[in-house]
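Worksheet: one structure, shown below.
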Amino acid sequence: MIYRDLEREINDAAEQTLKDAAEFARTEALSTTKFKVSTGFKQATQFHPLSKTSGFILADKPYAIYLEEGNNQGGPYIYPRNAKALHFVANGKDVFAKKVRSHPGYWFMQDASDKLDNEIDTMFQNNLKD
């Protein structure tokens with residue numbers, strides 16, 4: 001009987017820790033000062049549960065990978081490949097450019113993951129004690 005109660009307590013602590021960890025990681029990823037985080041990007045960065053004790057945070061925007069890993073593999077500038085100019089929207093305005101400066105990775109998701117790695121044991125211990 002004691003083992004059954006202990007198993008339930010551990011499972012409950014694991015479930016609560018997942019919820020706490022998800023909110024912690026999402027908050028850390030979006031609190032970066034490495035780039036301006038738009039409202040749309042905040043809404044697209046969500047926790048997706050896989051089970052009661054596992055899940056992942058996804059920044060669900062097509063450009064999120066370039067923010068995380070950078071886009072300077074081809075050198076310091078990005079040039080158009082199949083057109084005379086690059087086209088993008090900035091602050092609601094169409095922008096055309098012959099080249100734009102590339103950037104290294106900002107690693108905002110990796111930073112959040114590293115911070116969570118340092119906190120997850122404490123979160124679990126606190127949830128197990130409750």
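Computed values, structure above
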read-out: The chain: relative contact order as a whole-number percent, Cα under 8 Å and 6+ apart; value: 30 percent
read-out: Degrees, to the nearest 10: 2-30 long Cα axis against longest axis of the chain; value: 20 degrees
read-out: With Cα atoms, 0 to 90° folded angle of helix 108-129 axis to the chain main axis; value: 10 degrees
read-out: For the stretch 40-65 and the stretch 99-121, distance of Cα centres in Å; value: 14 Å
read-out: Mean ellipticity per residue at 222 nm, deg cm²/dmol - from DSSP H runs of n ≥ 4 across the chain, formula -39500 (n - 2.57); value: -16000 deg cm²/dmol
read-out: For the chain, diffusion coefficient by Stokes-Einstein and Kirkwood Rh (Cα), 37 °C, 0.692 mPa s, µm²/s; value: 188 µm²/s
read-out: Lysine pairs meeting the criterion (Cα under 13 Å, 8 or more apart or interchain), as found in the chain; value: 4
read-out: Peptides ranked, highest mean first, by Cβ atoms within 10 Å: ranges 122-128, 50-56; value: 122-128, 50-56
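Each reported figure results from applying straightforward, stated rules to the coordinates on display, with no laboratory input. Keep in mind it's a predicted model, so treat the numbers as computed, not measured. Every residue, glycine among them, receives a Cβ derived from its backbone with ideal geometry; neighbour counts consider all protein chains shown.
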